[in-house]
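The values are calculated or read from the model by the stated rules, or taken from the named source; none is laboratory data. Fair warning: this is a prediction, and the values are worked out from it, not measured in the lab. Because the Cβ atoms are built from the backbone with ideal geometry, glycine has one as well, and the counts that use them run over all protein chains shown. We work out accessible area using only protein heavy atoms, side chains counted, and drop any ligands, DNA or RNA first. Shrake-Rupley method; radii C 1.70, N 1.55, O 1.52, S 1.80 Å.
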Amino acid sequence: MLVLSRREGESVCVGGGVVVTVVRICGNKVRIGVAAENASILRAELREKDEAKNVAAAQTFEFETTLDDGALCVERPAA
């Protein structure tokens, strides 16, 4: 992890067209702005929540396959 000091109004450019700007400093809180050209931006706690939902969905997902004889086969992941 790279740790930098920035003053209010100063920015850091990260590869891939991402710019992080210190918008305001108030006491022990820092407000930052993130601009990205070709990337989605998620807070870490939301990303972790999405990943947990995706894992849970994958564990309950059923696969449907049509066999050569036309029969429908439903496969469920092992519990």
How many residues of the range 1-53 are hydroxyl-bearing (Ser, Thr, Tyr) and open to solvent by less than 60 Å² (accessible area, probe 1.4 Å)? The answer is 2
List, please: which pairs have Cβ atoms under 6 Å, are six or more places apart or on different chains, and start with a residue in the range 2-15 that is more than 19 Å from Ala36 (Cα to Cα) and end with one that is open to solvent by 70 Å² or more (accessible area, probe 1.4 Å)? Glu8/Ile25
